[in-house]
Amino acid sequence: MDFQDKEIIPGEILPVVIIGNGPSGICLSYLLSGRTPYLSPEVSHPNPLLSSKLGEQPHLSLLEQDLEYLCEGLEGRSSNPVAVLFDSLLLPDSDFGLDHSSPLDWRYEPERSVPHLVLGRGPPGGAWHAMECSMLTLSLANWMELPGLKLKDWMREKRRNVRNDRATPAEIASYYQHYVSQMSLEQNFACGTTVTGVTRQPSNQEGSPPCWRVTGLQRREGEELGDGSTVSDEVPFSLLAHNVVLATGTHDIPARLGVEGESLPHVCHSFWELEAAISRGELDQSSDPVLVVGAGLTAADAVLAAHHLNTPVYHVFRRSVNDPGLIFNQLPKLLYPEYHKIHQMMTQQQYQAPPPPQSHAHNLQTSSSSSSSSLPPASSSSSYSGYLSFPRYKVVAFRPDKKCVLESDSGERTVLQISKALVLIGAHPNLSFLRENGRALGIYPEEPITCRRNPIDVDPFTNKVLGAEGPGLYAMGPLVGENFVRFLKGGALAIASDLAKRHRGEEEEDGEKYLAIDRFMDRQKRTENEVRES
């Protein structure tokens, strides 16, 4: 949607502006568009306590009920109570591999809709459009779906044979884009927009209340050139909103190690740089090893991609292979065989440092040839030849001659000859449109916002940002520590519920005001009549 197509009167204050058009923003748009969840009279929830609570007021929608009360006693894989509640209602007992029907009955009630605008840089789906297309998603397909449209059903229409319960990122991105169209949400989405500022706007002399000002640029396609290409233009925009929702995700800025030589050309910070090198034919079994830094799923995908080409791999990570916080130790083996394979490689093919020399301290190790000889050769009996892990090691420096200096947690150093380095240690959100990049909003205000270590601090039952300059600022999704689509939907429920309750409170307040005025007028009339009669 082009802002020129929106009938926004200058000075008009929109009820809600959502920054980010990934699954978080899409799900919230669905709930704000009049789609309302009720308890179905035909389906009961397998949790007897929750089922009993829901049955106490079946005439009320979920948006009208006390979420904190419903959350009591529930347990799940998220630390967010509303996320656990909504997940339990959408996918009952899915952690046990069961496929219970949801007890929610979705009704379209347009009178409940809240006017809103969703801003995003690209098409609906957010970062899913930029993810590598060759890998399968970590989550099961039904965990990736949004309310009202079964992902498995949609996938079966797209391809005849659904091989397993997981999908590629490209399929997920296409699903989210189709979802916006299928649910008739397009009129709420303004794509091609980059937000440059979100500031608190004080009340003015005309009586306009305090609100939020959202400024930015929208990309528009200009005139067509002779070769068929078009010239794009960026046009500034400025909006006023009573409520702003931060739903930008955290995939914008790759995290860096902050070590010497990290900006050298052979040091990369994204998986697709590896895919580009593979497509150019730069890597094969005769290449020097690729260095992969990180112990997350993207790093594992990089190891798999290089290993598939028989390209040797050095894998460096700070944790122990037995660390319970390591993601591979949290995944069921049957559901994620490829990641279980990576964990086996990490465990069985660990680097063994040589004994220190007797005469002097252990110096920087190994020439190119001796470091390469540490790899299990292709003809060895090892199940994972061409791979070597370095648990509890860190990178100290990258050198222009493509040597990399590592250091163990005990202080021992070694030097490796590599062809390319992939630093895949996570990413940070781009919150440059907020003062000091939103640092004051985090749990630890002195540190940058990160998904795992320092998410935005919000009320767990409303997702209101606790450190905001004024009321009406919310955050959801990875910004508040929810990485999985399965659980970020709870943030949408919390925000939609709070907005609905605030709206009802304002209506009741207005009603009381009008009632008080009517009573005052009645008293005035009675007094006047009494005076006349006397």
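The values are calculated or read from the model by the stated rules, or taken from the named source; none is laboratory data. Because the structure is predicted, anything quoted here is derived from the model rather than measured. Methodologically, a virtual Cβ is constructed for each residue, glycine included, from the backbone with ideal geometry; neighbour enumeration extends over all protein chains shown. Remember, those area values only see protein heavy atoms, side chains included, never the ligands or the DNA or RNA. Shrake-Rupley method; radii C 1.70, N 1.55, O 1.52, S 1.80 Å.
Residues of the stretch 413-434 being charged (D, E, K, R) and without any contact (Cβ under 8 Å) to a residue 60 or more places away in the chain, which ones?
Listed by number, the list holds a single entry, 413.
Among the residues of the stretch 13-29, how many are part of a helix (DSSP H, G or I) and either in contact with a His (Cβ under 9 Å, 6 or more places away or on another chain) or open to solvent by less than 10 Å² (accessible area, probe 1.4 Å) (or both)?
Residues meeting the conditions: 6.
On the given criteria, is residue 274 of a type in the set (A, V, I, L, M) and either open to solvent by 50 Å² or more (accessible area, probe 1.4 Å) or not in a helix (DSSP H, G or I) (or both)?
no
Would you point out the residue of the stretch 401-438, among those that are among the polar types (S, T, N, Q) and over 25 Å from residue 319 (Cα atoms), that is surrounded by the most Cβ atoms within 10 Å (Cβ to Cβ)? Give the steps one after another, and end with the answer.
Pass one, the stretch 401-438, residues among the polar types (S, T, N, Q): 408, 410, 414, 417, 419, 430, 432, 437.
Narrowing the set further to residues that are over 25 Å from residue 319 (Cα atoms) leaves 430, 432, 437.
Numbers: 430: 19, 432: 14, 437: 17.
It comes out as 430.
So which of 156, 163, 220 is open to solvent by 60 Å² or more (accessible area, probe 1.4 Å) and modelled with pLDDT of 70 or more?
Among 156, 163, 220, only 156 is open to solvent by 60 Å² or more (accessible area, probe 1.4 Å) and modelled with pLDDT of 70 or more.
Under 6 Å by Cβ, and 6 or more places apart or on different chains, what pairs join a residue from the stretch 235-257 that is in the same structural domain as residue 449 (by the TED database) with one that is among the hydroxyl-bearing types (Ser, Thr, Tyr) and part of a strand (DSSP E or B)?
Taking only residues 6 or more apart or on different chains, the pairs are 238/215; 245/474.
If you go through the stretch 287-296 one residue at a time, how many are closer than 23 Å to residue 483 by Cα and surrounded by fewer than 18 Cβ atoms within 10 Å (Cβ to Cβ)? Please lay out each step first, then the result.
At the first step, the residues of the stretch 287-296 found to be closer than 23 Å to residue 483 by Cα are 292-296.
Filter again for surrounded by fewer than 18 Cβ atoms within 10 Å (Cβ to Cβ), leaving 296.
Result for the stretch 287-296: 1.
The conditions are (1) among the hydroxyl-bearing types (Ser, Thr, Tyr); (2) out of contact with any Asp or Glu (no Cβ under 6 Å at 6 or more places or on another chain); (3) at pLDDT 90 or above, and residue 462 fails exactly one of them. Which is it?
The failed condition is (2).
Please enumerate the residues belonging to the stretch 30-79 that are in a helix (DSSP H, G or I), open to solvent by 10 Å² or more (accessible area, probe 1.4 Å) and farther than 19 Å from residue 496 by Cβ.
48, 49, 51, 52, 53 - these are the residues of the stretch 30-79 that are in a helix (DSSP H, G or I), open to solvent by 10 Å² or more (accessible area, probe 1.4 Å) and farther than 19 Å from residue 496 by Cβ.
For the stretch 310-320, check the following and say yes or no: at least one residue is closer than 17 Å to residue 407 by Cα, open to solvent by less than 60 Å² (accessible area, probe 1.4 Å) and assigned to a loop (DSSP other than H, G, I, E, B).
In the first step, residues of the stretch 310-320 are kept if they are closer than 17 Å to residue 407 by Cα; the result is 314-320.
Still in the running and open to solvent by less than 60 Å² (accessible area, probe 1.4 Å): 314-317, 320.
Now restrict to residues that are assigned to a loop (DSSP other than H, G, I, E, B): 320.
Looking for residues that are closer than 17 Å to residue 407 by Cα, open to solvent by less than 60 Å² (accessible area, probe 1.4 Å) and assigned to a loop (DSSP other than H, G, I, E, B), one finds at least one in the stretch 310-320, hence yes.
Going by the structure shown, is residue 284 buried (at least 16 other Cβ atoms within 10 Å of the Cβ) and not in a strand (DSSP E or B)?
Spelling it out, it is not the case that residue 284 is buried (at least 16 other Cβ atoms within 10 Å of the Cβ) and not in a strand (DSSP E or B).
I'd like the full set of residues that are in a loop (DSSP other than H, G, I, E, B), open to solvent by less than 50 Å² (accessible area, probe 1.4 Å), within 23 Å of residue 76 (Cβ to Cβ) and in contact with a Gly (Cβ under 8 Å, 6 or more places away or on another chain), limited to the stretch 439-485.
Once the filter is applied, which keeps residues that are in a loop (DSSP other than H, G, I, E, B), open to solvent by less than 50 Å² (accessible area, probe 1.4 Å), within 23 Å of residue 76 (Cβ to Cβ) and in contact with a Gly (Cβ under 8 Å, 6 or more places away or on another chain), the stretch 439-485 yields 451, 455, 463, 476, 482.
For (1) outside the structural domain of residue 327 (by the TED database); (2) more than 24 Å from residue 115 (Cα to Cα); (3) not hydrophobic (A, V, I, L, M, F, W, C), each residue gets a yes or a no:
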residue	(1), (2), (3)
34	yes, no, yes
38	yes, no, yes
45	yes, yes, yes
50	yes, yes, no
54	yes, yes, no
59	yes, yes, yes
71	yes, yes, no
80	yes, yes, yes
